[in-house]
Amino acid sequence: MLKIRARRVVVSGFLLAVTVSGLSACRSAPDVAAYVGDEQISVDELEAAVAERLSDEYLAPVVGDSTDELTRRVLGQLLEAEVHDAAAGRYDVSVSEGEVTRQVELLLGDDDPEQVYEQLAQQQGATAADLREGVRQLLLRREIAAAQGGAEGLEETALRARYDEVREQLAQVEFGYVTVPDQATADAVAAELTANPAGYPAVAARFPGQYTLAELDSAPAAQVPPALGQQLVTAAPGTAFTVPVPEAGGVVVAFRAGTTYPSFEELRPQLEAEAGQAVEEEVQPLLADVRDDLGITVNPRYGVLGEDGRLAPPTGGVVDIVGDGVAGPSAD
């Protein structure tokens with residue numbers, strides 16, 4: 001079941017895993033960080049990419065003086081970019097900068113971009129440029145899936161149909177409450193709100209305090225204030241009732257304004273993420289074939305490729321990149 005989540009959670013989960021696969025370790029040169037098919041990622045290119053990230057105002061303080069892990073991560077990102085470019089060429093797809101920008105804006109939503117980028121640096125060691133590259137690769141995978149007829153769930157009509165399915169599950173109670181000194185006042189305020197629901201802000205302004213909501217709020221039924229509980233959830237829209245709450249210093253007038261739903265556009269990133277899981281299942285085997293055909297070789301001075309597909313710290317000496325018995329000498 002879909003849940004309403006902060007957009008920043010969607011973004012911060014976006015760059016979690018970069019998989020780097022390889023085939024042979026028969027090529028090695030001290031000035032080459034990795035071989036990707038007929039292409040090379042030079043040590044100079046890798047060091048420049050690392051330096052670029054270290055110039056990022058949010059990432060630099062996180063990395064400090066230890067750059068080994070960052071270097072391995074950056075090399076993995078460069079390799080994955082090469083794999084996606086090769087896959088895009090094989091399946092004749094492309095993604096424009098404008099499309100990347102629109103998707104990034106959709107992911108950010110109303111969040112402050114600077115706060116998001118700071119969070120990415122602290123939690124994942126990623127920069128704004130890394131986010132854009134991650135989005136580019138995501139869109140390329142979707143285009144590849146679409147070219148193979150496996151992205152129907154991401155089409156507009158499919159997303160809207162899914163929205164219609166889950167909309168009621170995401171209903172929220174729209175409510176307010178005002179604390180007044182006595183029951184007589186509470187009865188009068190309840191009658192006033194029931195007669196004129198739109199007047200809630202003005203009524204709340206007359207009784208300011210810790211236990212008064214100045215503006216209407218919305219929450220899932222399970223998260224409404226316990227003191228109001230089920231009575232608020234089942235109240236008819238546009239009605240008010242009173243509840244004595246001694247710890248609040250008087251009588252609470254609870255007002256059920258109605259029911260709110262997240263809009264399609266608000267929910268779209270999560271709908272796309274849900275549909276995207278099926279797309280990933282379709283496209284990952286295709287990317288794996290591209291990696292196999294490229295024959296990626298990583299210079300062992302930067303690490304060894306583990307069974308989980310990530311670069312681990314170097315162990316020195318001969319390195320078996322693929323676990324198939326094909327090994328290459330150290331470049332150190």
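Structure notes:
- Set of region 111-135 residues, backbone N closer than 19 Å to the point 7 Å along the Cα-Cβ line of residue 67: 121-122, 125-130
- Residue 129-residue 293 FRET efficiency (beta carbon distance; Förster radius 30 Å; 0.05 resolution): 0.60
- If a spin label sat at a point 7 angstrom from the Cα of residue 196 along the line to its beta carbon, the backbone N atoms of region 236-264 nearer than 19 Å would be those of 238-241, 253-258.
- Three-way shape call for region 193-237 based on the alpha-carbon gyration tensor, with the a/c threshold at 1.5: oblate
- Rounded if a/c under 1.5, otherwise prolate or oblate - region 22-164, Cα gyration tensor axes: oblate
- Taking the C-alpha atoms of region 141-277, convex hull volume expressed per residue in Å³: 125
- Region 52-136: C-alpha gyration tensor shape, a/c 1.5 cut-off, then a/b vs b/c: oblate
- Extension gain, residue 239-residue 184: 0.36 nm per intervening residue step, less the Cα-Cα distance, totals 18.1 nm.
- Separation in nanometres of the label points that stand 7 Å from Cα toward Cβ, at residue 85 and residue 210: 6.1
- Its residue count N fixes a reference of 2.2 N^0.38 Å for region 111-150, and the Cα radius of gyration divided by that reference is 1.50.
- Gain on full extension, evaluated as 0.36 nm per residue between residue 263 and residue 281 minus their Cα-Cα distance, stands at 3.7 nm.
- For region 101-166, the list of GluC sites (Glu not before Pro) that fall in a loop by DSSP and count at most 14 other C-beta atoms within 10 angstrom reads 155.
- Charge dipole (debye, nearest 20) of region 167-247; +1 at Cβ of Lys and Arg, -1 at Cβ of Asp and Glu: 80
- Highest mean first, the peptides 234-247, 283-296 sorted by other C-beta atoms within 10 Å per residue fall in the order 283-296, 234-247.
- Rounded to two decimals, the Cα-based Rg/Rh of region 77-229, with Kirkwood Rh, is 1.21.
- Placed amide H near residue 238: partners under 5 Å, 5+ positions off or other chain: 256, 257, 258
- Estimated vicinal HN-Hα couplings, Hz - region 147-163 in sequence order (Karplus 6.51, -1.76, 1.60; Gly, Pro = x): 5, 9, x, x, 10, 4, x, 8, 5, 4, 5, 5, 5, 5, 5, 5, 4
- Mean accessible surface per residue for region 179-321, computed with a 1.4 Å probe while every protein chain stays in place, in Å²: 49
The values are calculated or read from the model by the stated rules, or taken from the named source; none is laboratory data. None of these values were measured; they are calculated from a predicted model. Note: ideal-geometry Cβ built from the backbone for every residue, glycine included; neighbour counts use all protein chains shown. Each accessible area value is taken on the protein alone, full model and side chains, heavy atoms only, with ligands, DNA and RNA left out. Shrake-Rupley method; radii C 1.70, N 1.55, O 1.52, S 1.80 Å.
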